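These notes are about the structure you will find just below.
The values are calculated or read from the model by the stated rules, or taken from the named source; none is laboratory data. Just so it is clear, the model here is predicted, and its values are computed rather than measured. When we count neighbours, we look across all protein chains shown, and the Cβ atoms used for this are built from the backbone with ideal geometry, even at glycine. We work out accessible area using only protein heavy atoms, side chains counted, and drop any ligands, DNA or RNA first. Shrake-Rupley method; radii C 1.70, N 1.55, O 1.52, S 1.80 Å.
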Amino acid sequence: MLTEAQINTIIAKEITFKTSRSGGKGGQNVNKVETKVELEFDLNASKALTDSQKKTLFKKYTYFIDGTLIRIVGNIHRSQLENKEYATKKLIILLNKLLKPVKKRIATKPSKASKLKKVKAKKHTSELKKLRKKPI
């Protein structure tokens, strides 16, 4: 998980934005104003993330990363500012999700009662099938 200081560093210095015209909502605004925002975050150049966090991101989650960049597009809202905020929040949520430690699965055995229940159900099904047969 990212700390508040890491998040502030990322937001302040390490994100670059590109804007372009967006389709969708906006009426006549769509053809005139650049509301679509493309956020780029360079993992290698990041000073907010530790080396171990970078390794984790590169090792496990290559499908989110294009070279060394994470790209997020925001074009849901009508204003550029709202799209910037949306893309930034989406980046932080994504990084927190990817850096969250994976819980190890603990293998469990079926209980004695569940085994007996399973055997009983099998016997019941077997009896039903025997009753379906024609007598000889």
| query | Can you name the number of the only condition in (1) aliphatic (A, V, I, L, M); (2) within 30 Å of residue 36 (Cβ to Cβ); (3) at pLDDT 90 or above that residue 92 fails? | reply | (3)
| said: Here is a list: 44, 96. Which entry is of a type in the set (S, T, N, Q), open to solvent by 70 Å² or more (accessible area, probe 1.4 Å) and on the phi < 0 side of the Ramachandran plot? | reply: 44
| field | Of the criteria (1) under 21 Å from residue 7 (Cα atoms); (2) open to solvent by 50 Å² or more (accessible area, probe 1.4 Å); (3) not small (Gly, Ala, Ser), which one residue 108 fails | value | (1)
| query | What do you reckon, is residue 121 surrounded by 10 or more Cβ atoms within 10 Å (Cβ to Cβ), at pLDDT 90 or above, of a type in the set (Gly, Ala, Ser) and within 41 Å of the chain's Cα centre (by Cα)? | reply | yes
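So that you can scan it fast, the table gives a plain yes or no per residue for (1) surrounded by fewer than 11 Cβ atoms within 10 Å (Cβ to Cβ); (2) within 27 Å of residue 17 (Cβ to Cβ); (3) out of contact with any strand residue (DSSP E or B) (no Cβ under 7 Å at 6 or more places or on another chain); (4) aromatic (Phe, Trp, Tyr):
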position: 32; (1), (2), (3), (4): yes, yes, yes, no
position: 39; (1), (2), (3), (4): no, yes, no, no
position: 58; (1), (2), (3), (4): no, yes, yes, yes
position: 67; (1), (2), (3), (4): yes, yes, yes, no
position: 71; (1), (2), (3), (4): no, yes, no, no
position: 85; (1), (2), (3), (4): no, yes, yes, no
position: 91; (1), (2), (3), (4): no, yes, no, no
| Condition met for residue 98 (in a strand (DSSP E or B), modelled with pLDDT of 75 or more and touching a helix residue (DSSP H, G or I) at 6+ places or on another chain (Cβ under 8 Å)) | no
| Which is closer than 20 Å to residue 3 by Cβ and not in a loop (DSSP other than H, G, I, E, B), of 129, 84, 90? | 90
| note | Among (1) surrounded by 12 or more Cβ atoms within 10 Å (Cβ to Cβ); (2) closer than 18 Å to residue 14 by Cα, residue 78 falls short only on (2)
| request: Mind listing whichever residues of segment 45-68 are in contact (Cβ under 8 Å) with a residue 12 or more places away in the chain and either closer than 20 Å to residue 5 by Cβ or β-branched (Val, Ile, Thr) (or both)? | output: 45, 46, 47, 48, 49, 53, 56, 57, 65, 68
| Restricting the search to segment 53-83, which residues are at pLDDT 85 or above and of a type in the set (S, T, N, Q)? | 83
| request: Identify, by number, the condition in (1) open to solvent by 80 Å² or more (accessible area, probe 1.4 Å); (2) more than 15 Å from the chain's Cα centre (by Cα); (3) hydroxyl-bearing (Ser, Thr, Tyr) that residue 62 doesn't meet. | output: (2)
